[in-house]
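Contents: one structure, followed by commentary.
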Amino acid sequence: MSSYNNEVEILLVEDNPNDAELTMRSLKKNNLANRVVHATDGVEALEFIFAKGAHSERKIEDKPKVVILDLKLPRVDGIEVLQEMKSDPRTKKIPIVVLTSSQEDHDLDKCYELGVNSYIVKPVDFEKFTAAIKDLGLYWLVLNQAPL
């Protein structure tokens, strides 16, 4: 039996090890990191979401409560991950929060066009970054009412 079946609350898709560590640390500090899966690129994220490849023993019905998605990823970029998830009826209701360093209007516009639930530009300041992650986690895991 897999350790993440029916338990994953957050899928963190982040290739930058420093940003991933800061995100995990902030979630853990606020007791929000008990059930997080970290994917380091778009291919790994899609395999997890669609229960393929290394994650084929997982059930696609066991969805995370939220996906935190970087845009600038190796192999498959975040916009393509967003597009594939939002175009599949099995995964289109999973909330996706883009957490990126991109402030390009094109990326922002494209993400909302594809159905992103939130778009957050990563704060450069450490304290602001950790506060943003805390707020993100509290909102999506505690306050938000997930779709059925």
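Every read-out reported here was derived from the displayed coordinates using simple, explicitly stated rules and does not represent laboratory data. Keep in mind that this is a model prediction, so the values were computed, not measured. Positions of Cβ are generated from backbone atoms using ideal geometry, with glycine treated the same way; all protein chains shown enter the neighbour counts.
Overview of values
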read-out	value
Every pair of residues 6+ apart whose Cβ atoms lie under 6 Å, when the first sits in the range 123-134 and is at negative phi and in contact (Cβ under 8 Å) with a residue 40 or more places away in the chain while the second is outside any helix (DSSP H, G or I) and surrounded by 13 or more Cβ atoms within 10 Å (Cβ to Cβ)	Phe129/Pro123; Lys134/Asn30
Inter-residue pairs, beta-carbon under 7 Å, first at positive phi and crowded, with 18+ Cβ neighbours inside 10 Å and in the range 11-36, second part of a helix (DSSP H, G or I) and among the acidic types (Asp, Glu), 6+ apart	none
Scope the range 57-97; condition more than 14 Å from the chain's Cα centre (by Cα) and crowded, with 20+ Cβ neighbours inside 10 Å; matching residues	Arg58
Residues satisfying the stated conditions in the range 98-107, i.e. out of contact with any Ser or Thr (no Cβ under 9 Å at 6 or more places or on another chain) and either of a type in the set (D, E, K, R) or surrounded by 19 or more Cβ atoms within 10 Å (Cβ to Cβ) (or both)	Thr100, Glu104, Asp105
Output for the range 98-116, where each listed residue is of a type in the set (Asp, Glu) and either part of a helix (DSSP H, G or I) or within 16 Å of the chain's Cα centre (by Cα) (or both)	Asp105, Asp107, Asp109, Glu113
Some residue of the range 76-88 being of a type outside the set (Phe, Trp, Tyr), over 20 Å from Ala20 (Cβ atoms) and not in a helix (DSSP H, G or I)	yes
Any hit, the range 118-138, residues being of a type in the set (Lys, Arg), farther than 24 Å from Asn34 by Cα and surrounded by 14 or more Cβ atoms within 10 Å (Cβ to Cβ)	no
Tally of residues being touching a Gly at 6+ places or on another chain (Cβ under 7 Å) and closer than 11 Å to Val116 by Cβ across the range 60-80	3
